[in-house]
Amino acid sequence: MESMRSKLPLQTLRAMKRSLTLLVLGFMVIGGLSADVRAEVQTAFLYSLSNFNGPVPFNWASVHVDEERDEIYVTDTRLGEIRIFNETGMEVFRFGDNLNLGAVIAAAVNREGNILILSRRLSKFSIAVCNFRGEHLSELTLQGFPAEFAGFFPSDMVYRHEQLYLLDNDSLRIAVTDANGLYRTGYDIGAMVNIEKEKRGQSEVGGFSVDANRNILFTIPVIFKAFTLSPDGKIAGFGVPGSAPGRFNIVGGIVADEEGYLYVADRLKSAIIIFDKDFRFLKEFGYRGRKPDNLIAPKDLSLDHKGRLYVSQLRDRGVSVFQITFE
């Protein structure tokens, strides 16, 4: 006697199989066991930031993307210069060596299009406000800082959401001010990640940024970790030491795109590691070498709204630009 299966048409069997699959997936979603579907990540080297002489040989420069004006600001700490590139990666302007600011650390652009420059000279720091031509307009003074932030000395700066985010690497503290430098809130990230005060001088932050949802992102290389800090003070960390794909050696810059995908630079691996918003590893790319799509000790990262990732490096490799797409 033939089995019931042999009597059913092939098309009917296929339809039954599809229905059963959908039914199982439906139960998984209802029961909180959603299918583990991860995006496919495609990366492609586009170009290096350049002028008419070719790629500009930066070394571990600081990179800031001004999305409103489609410009890229690169801080060359060796020369004390700010170089501005257009959206095609060509240099259009530079300034800074004539301002006598001391050691230039970072630059950002505020809502009005003025340029904020963080610099230090001996035991003092300053935040200069310049116009789009690099002409000095004023100094931004930090105000209203509480007693526990006495002696706060910023070593990095991010301007986003009309707020100034300042990092003190020595004390592992972050202060947030309004556009005029008035204190709004602060975080003792050293305490949050359980680093003792006497060890904080050897536990500096490797990367520091703010995402579209006002989350502060940072890495601490000595503990092989990356962190996200929400505006309400909730902190989450991820990262496992090791040389296998998705694991951390010496982490540097960290950024997130508008969809929540996270990008972490690993200086020792010479690679960029991509995670989803749930900290699940998706892809690693770059690797040490001299080919255009290789990297050498990547450090600072920045993203624009077109999915272009800007990566600063050592050994005069300058800033490489990669296109990131998800399928």
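The values are calculated or read from the model by the stated rules, or taken from the named source; none is laboratory data. What you see is a predicted model, and the numbers here were worked out from it, not measured in a lab. FYI the Cβ positions are ideal-geometry reconstructions off the backbone, even for glycines, and counts take in every protein chain you see.
State yes or no: is Glu135 out of contact with any Gly (no Cβ under 7 Å at 6 or more places or on another chain) and either closer than 29 Å to Phe285 by Cα or buried (at least 19 other Cβ atoms within 10 Å of the Cβ) (or both)? Spelling it out, it is not the case that Glu135 is out of contact with any Gly (no Cβ under 7 Å at 6 or more places or on another chain) and either closer than 29 Å to Phe285 by Cα or buried (at least 19 other Cβ atoms within 10 Å of the Cβ) (or both). Checked against (1) over 28 Å from Arg121 (Cβ atoms); (2) part of a loop (DSSP other than H, G, I, E, B), Phe45 passes all but condition (2).
Listed by position, the strands (runs of 3 or more DSSP E) inside the range 128-223 whose residues that are under 24 Å from Glu81 (Cα atoms) number at least 2 are 136-139, 156-160, 163-168, 207-210. Quick one: would you say Gly96 is surrounded by fewer than 21 Cβ atoms within 10 Å (Cβ to Cβ) and at positive phi? So Gly96 fails the test. Within the range 208-240, the set of residues being touching a strand residue (DSSP E or B) at 6+ places or on another chain (Cβ under 6 Å) and under 14 Å from Leu268 (Cβ atoms) comprises Thr219, Pro221, Phe224, Gly239. For the range 252-268, the criterion of being more than 17 Å from Gln323 (Cβ to Cβ), of a type in the set (Asp, Glu), modelled with pLDDT of 95 or more and in contact with a Phe, Trp or Tyr (Cβ under 9 Å, 6 or more places away or on another chain) is met by at least one residue. The residue list Asp293, Asp304 contains one member that is over 14 Å from the mean Cα position of the chain (by Cα), of a type outside the set (Val, Ile, Thr) and surrounded by fewer than 22 Cβ atoms within 10 Å (Cβ to Cβ), which is Asp293. Only a single item in (1) over 18 Å from the mean Cα position of the chain (by Cα); (2) buried (at least 17 other Cβ atoms within 10 Å of the Cβ) is not met by Ile72, and it is number (1).
Scanning the range 204-224 for residues that are within 21 Å of Ser312 (Cα to Cα), within 14 Å of the chain's Cα centre (by Cα) and not polar (S, T, N, Q) returns Val205, Gly206, Gly207, Phe208, Val210, Asp211, Ile216, Leu217, Phe218, Ile220.
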